[in-house]
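Participant: Take this structure, written in structure tokens, and hold onto it; I'll ask about it next.
Coordinate-derived values only; no laboratory data. Everything numeric here is computed off the predicted structure, so don't read it as measured data. Because the Cβ atoms are built from the backbone with ideal geometry, glycine has one as well, and the counts that use them run over all protein chains shown.
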Amino acid sequence: MSLPPYQESWKGSIGTLTLGTERNGSHTVTIGGHTTLPFLGFEGETRPPVIALEVWDQAPADWSGPLAEAWRDVSADAVAWAKRGVDELGVDMICLRLVSASPDLADSSPAKCSEVAEAVADAVGVPLFIWGCGDNAKDNEVLAAVSRALRGRNFLFGMAEEDNYKTLAVSCLADNHAIVALSPLDINIQKQVNILITDMGLPIERIVAYPTTGGLGYGLEYAYSIMERSRLAALGGDKMMSTPIMAVVGAETWKAKESIADETVAPQWGALKERATLWEAMTAVTFVQAGVDILVMRHPEAIAAVQKTLGTLAG
Amino acid sequence: MLIIGERINGMFKNVRAAIAEENKDVIVDLAHRQVAAGAHVLDVNVGPASDEPARAMVWLVDTVQEAVDVPLSIDSAKLDVFEPALERCKVAPFINSTTGAQDKLDFFLPLAQKYDASIIALTIDEQGVPSTTEGRSEIAMRIMVSAMEHGVPMEHLYIDPITLPVKAVQDQCPRLLRALGQFRQLSDPSPHTVIGLSNVSQRAQEKHLLDRVFLVMCMAHGLDSAILDPLDKELMDSLITAELLLDKQLYCDAYLEAYRR
């Protein structure tokens, strides 16, 4: 007697979110829509994650050697940086970080930020994830202006947090964008933020969760287990957890000492460039298995390695 | 936790009058409100006063189905009411209820099989309600075997260990709780369990308090379904909180609201 194949059938599913538009040579990207765990295509619908290249609106001053080297000639020009990512690396999205808006740095005006964001959007044709500078008060001004400037383009904006979500939620609702909800490695707050945002009228289908990311050696397992638990809760029928999930891999791994210390400091660790790009790629691939939907990445070789792995896994 | 809404029952005066006058508004309103409050299944019972119970039940089934699309639980003491009503159901219904008496099982289980219905089975047999936990388990076992013989799958079987009024037979409450635990050990997968919650508070003064405390105690012993009044908000809040404390829902500060989404 042969054993019948065992298949899990889940009550819930992950919402499908399409970002971007098909107007003026642009194209859309769709994430989520899972009805089972990653890569279990024999059980239900799954969709591999997309990669967003992290691009700054000002040249990063203190990036690790190999990373700074990879983008040196374009790092002062967000448009050229983003275009290279899309044209040469084939990334699916651009994560534009409006770092220069920070009052501690250039303190760029909302108008200036909008101008850059529009220029990048027009140049690349892929959906953008617009990420503020991290200063809540300034972000509320800047992101509202950028959201308005990019009205109707159906982009992604972040970060909404438990204690600062209203302004951004209102903007996304008014200008037809989706929102990224940040929770600090806390699955209960992840659910709470989703409830708060949906209370504002933005449907759960327009939210992407960012449960924050721990890089390899720096809490990766913990971040992984939170991502996995949140996916299991959603598939188990918890509608308020049914969002696609983001991991910000590049920014996490490139601050680890393993991605900074060169061969003179740590000869036993091997060549810095290989080590650091592997650190980013390994972290990303791990989250792929936990069910991540958007990987925000930095180094071209790490991106290429993850793309190759995704191609192999997706068959 | 599967919630079976109890409010469309001819025991309630307004429902009895609505059935007698064929006044759909009252029924439709109760159907909408119960589903909005969290009922997954609606119990329909024409009550003991109806002259033509089979005809009244068909009217009730049609009326509720015009308003909502949740499964209905056909609830009657009269055997000839069931088949005409089951025939009308658009979604796989519930039969409420058979007992463990062999003649009842032989009548109801083929109906459940024919209409793909779930069936509530009371642990009563030819000798009446057993006074012990073991007596309840013994009848539950007989019901399960009979269900298997009639091709009714275990996931369609809801065993009711008989809730008795605390005011009359106080010592039966802990026996029922133990029975709920025992039923879970009888097979794998185990049958569902269900109670008619408000029986526990019959003729008592603190009805609502008794109902919600007993519900939570039963849930802690493994109860996974109940016939209750979903319009009792404190009862529903207790149910949601119990599910949370049993780790069936993911905690967040707004968990009551999250459950109701």
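Participant: Using the charge dipole of the range A:115-214 (Lys, Arg: +1 at Cβ; Asp, Glu: -1 at Cβ; taken about the Cα centre), state which of A:159, A:119, A:174 has its Cα farthest towards the positive end.
Facilitator: After comparing all options, I get A:174.
Participant: How crowded by other chains is A:183-195, given as the mean number of beta carbons from other chains within 10 Å of each beta carbon? It would help to have the intermediate numbers written out before the result.
Facilitator: Working: counts 1, 0, 0, 1, 3, 5, 2, 2, 8, 7, 1, 4, 7.
That works out to 3 on average.
Participant: Which whole-number percent is the relative contact order of chain A (Cα, under 8 Å, 6+ apart)?
Facilitator: This gives 19 percent for chain A.
Participant: Please quote Rg/Rh for the range A:105-218 to two decimal places, taking the Kirkwood radius as Rh and restricting both calculations to Cα atoms.
Facilitator: Over the Cα atoms of the range A:105-218, Rg/Rh equals 0.98.
Participant: While we're looking at this one, here's another question. How big is the charge dipole of chain A about its Cα centre, in debye rounded to the nearest 20, if each Lys and Arg gets +1 on its Cβ and each Asp and Glu gets -1 on its Cβ?
Facilitator: Once rounded to the nearest 20, the dipole reads 580 debye.
Participant: Rounded to whole Å and sorted largest first, what semi-axes of the equivalent ellipsoid does the C-alpha gyration tensor of the range A:152-258 yield via the square root of 5 times each eigenvalue?
Facilitator: Calculated on Cα positions only, the semi-axes equal 24, 17, 11 Å.
Participant: Counting other beta carbons within 10 Å of each Cβ, put B:94, B:214 in order, fewest first.
Facilitator: B:214, B:94
Participant: While we're looking at this one, here's another question. At q = 0.11, 0.16 Å⁻¹, what is the base-10 log of I(q)/I(0) for chain A according to the Debye formula with one equal point scatterer per Cα and no solvent? Please give it to two decimals.
Facilitator: Each listed q maps to, in turn, -0.65, -1.39.
Participant: Further question: Calculate, for residue A:312 and residue A:255, the FRET efficiency according to 1/(1 + (r/R0)^6) with r their C-beta to C-beta distance and R0 30 Å; round to the nearest 0.05.
Facilitator: Details: r = 29 Å, r/R0 = 0.96.
The calculated FRET efficiency here is 0.55.
Participant: Hey, fewest Cβ within 10 Å first, where do A:206, A:231 land in order?
Facilitator: Lowest count first: A:206, A:231.
Participant: Something else now. Which is farthest toward the positive dipole end of chain B among B:152, B:174, B:19, measuring Cα position about the Cα centre, with Cβ charges +1 (Lys, Arg) and -1 (Asp, Glu)?
Facilitator: My answer, from the dipole projection, is B:174.
Participant: Peptides A:135-143, A:287-295, B:32-40: what's the order by average Cβ count within 10 Å, highest mean first?
Facilitator: Going by the mean number of other Cβ atoms within 10 Å, highest first, we get A:287-295, A:135-143, B:32-40.
Participant: Based solely on its DSSP helices, what 222 nm [θ] is calculated for the protein assembly as shown when runs of n ≥ 4 H residues each add -39,500 (n - 2.57) and the sum is averaged over all residues, nearest 500 deg cm²/dmol?
Facilitator: Helix contribution divided over all residues of the protein assembly as shown: -13000 deg cm²/dmol.
Participant: Karplus couplings for the range B:67-81 from phi (6.51 cos²θ - 1.76 cosθ + 1.60, θ = phi - 60°), rounded to Hz, Gly and Pro as x?
Facilitator: 9, 9, 10, 7, x, 9, 10, 7, 10, 7, 8, 9, 5, 6, 6
Participant: Right, here's the next one. Using 0.36 nm times the number of residues separating residue B:245 and residue B:138, minus their current alpha carbon distance, what extension gain do you get?
Facilitator: 35.4 nm
Participant: To make sure I understand the rule: partners must be lysines, Cα under 30 Å from the Cα of residue B:78, and not fewer than 8 residues away in the same chain. Which ones qualify?
Facilitator: By straight Cα distance, residue B:78 reaches B:13, B:24, B:90, B:104, B:114, B:167, B:207.
Participant: Which ³J(HN,Hα) values, rounded to whole Hz and listed in residue order, are derived for the range A:182-193 from phi using the Karplus coefficients 6.51, -1.76 and 1.60 in 6.51 cos²θ - 1.76 cosθ + 1.60 with θ = phi - 60°, glycine and proline given as x?
Facilitator: Once rounded to whole Hz, the list reads 8, 9, x, 6, 8, 5, 6, 6, 3, 5, 4, 4.
Participant: Towards the positive end of the charge dipole of chain A, with charges on Cβ (+1 Lys, Arg; -1 Asp, Glu), say which of A:145, A:300, A:193 has the farthest Cα.
Facilitator: Of the options given, the answer is A:193.
Participant: May I ask for log10 I(q)/I(0) of the protein assembly as shown at q = 0.07, 0.09, 0.10 Å⁻¹, from a Debye sum over the Cα atoms as equal point scatterers with solvent left out?
Facilitator: -0.56, -0.79, -0.89
Participant: When the Cα centres of the range A:14-59 and the range B:194-230 are compared, how far apart do they sit, in Å?
Facilitator: Each part reduced to its Cα centre gives a spacing of 46 Å.
Participant: How big is the Kirkwood radius of the range B:110-182, worked out from every pair of different alpha carbons and given in Å to one decimal?
Facilitator: Answer for the range B:110-182: a Kirkwood hydrodynamic radius of 12.9 Å.
Participant: What ³J(HN,Hα) values, in whole Hz, does the Karplus curve 6.51 cos²θ - 1.76 cosθ + 1.60 give for the range A:302-310 when θ = phi - 60°, with x put for Gly and Pro?
Facilitator: With the stated coefficients, the range A:302-310 comes to 5, 4, 4, 5, 5, 4, 5, 5, 4 Hz.
Participant: Continuing with the same structure: Note down the magnitude of the dipole of the protein assembly as shown about its Cα centre, charges +1 on Lys and Arg C-beta and -1 on Asp and Glu C-beta and zero elsewhere, to the nearest 20 debye.
Facilitator: Charge dipole, the protein assembly as shown, about its Cα centre: 320 debye, nearest 20.
Participant: For residue B:90, project a label point 7 Å along Cα to C-beta. Then give me every residue of the range B:1-23 with its amide nitrogen under 20 Å of that point.
Facilitator: Within reach of a label on residue B:90: B:5, B:8, B:23.
Participant: Measure off 7 Å from each Cα along the Cα-to-Cβ vector at residue A:111 and residue A:30, then give the distance between these two points in nanometres to one decimal.
Facilitator: About 4.1 nm, to one decimal.
Participant: Further question: Suppose every K and R has +1 on its Cβ and every D and E has -1 on its Cβ; what is the size of the dipole of chain B about the Cα centre, in Debye to the nearest 20?
Facilitator: Computed charge dipole of chain B: roughly 440 debye.
Participant: So if R0 is 22 Å, what FRET efficiency would residue B:102 and residue B:187 give, r being the distance between their Cβ atoms, rounded to the nearest 0.05?
Facilitator: 0.65
Participant: Let me ask something additional. Write down, largest first, the equivalent ellipsoid semi-axes of chain B in whole Å, where each equals the square root of 5 times an eigenvalue of the alpha-carbon gyration tensor.
Facilitator: In descending order the semi-axes read 26, 24, 18 Å.
Participant: Right, something else. Give me, ordered by chain and number, the residues 5 or more places off residue A:12 or on other chains with an amide H under 5 Å from its own placed amide H.
Facilitator: A:236, A:237
Participant: List residues of the range B:12-39, by number, whose backbone nitrogen lies under 15 Å from a label position 7 Å along Cα→C-beta of residue B:66.
Facilitator: Taking a point 7 Å out along Cα→Cβ of residue B:66, the residues of the range B:12-39 whose backbone N falls under 15 Å are B:18-32.
Participant: Amide H of residue B:123: which non-local residues (sequence gap of 5 or more, or other chain) have their own amide H closer than 5 Å, using H built in the peptide plane?
Facilitator: B:160, B:162
Participant: Another question about this same structure. Provide B:7, B:55 in ascending order of the number of other Cβ atoms located within 10 Å of each residue's Cβ, fewest first.
Facilitator: Sorted ascending by nearby Cβ count, the order is B:55, B:7.
Participant: So, one more: For residue B:78 paired with residue A:119, estimate the spin-label separation in nm (one decimal), with each label point 7 Å from Cα along the Cα-to-Cβ line.
Facilitator: Placing both labels 7 Å along Cα→Cβ, they lie 8.3 nm apart.
Participant: Next up: Two-decimal Rg/Rh of the range B:1-136 from alpha-carbon positions, Kirkwood Rh?
Facilitator: 0.98
Participant: For a Förster distance of 51 Å, can you work out the FRET efficiency between the beta-carbons of residue A:136 and residue B:14, rounded to the nearest 0.05?
Facilitator: It comes out at approximately 0.45.
Participant: What number, in nm² with one decimal, is the all-direction average of the projected area of the convex hull of the alpha-carbon atoms of the range B:128-235?
Facilitator: Its average projected convex-hull area is 6.9 nm².
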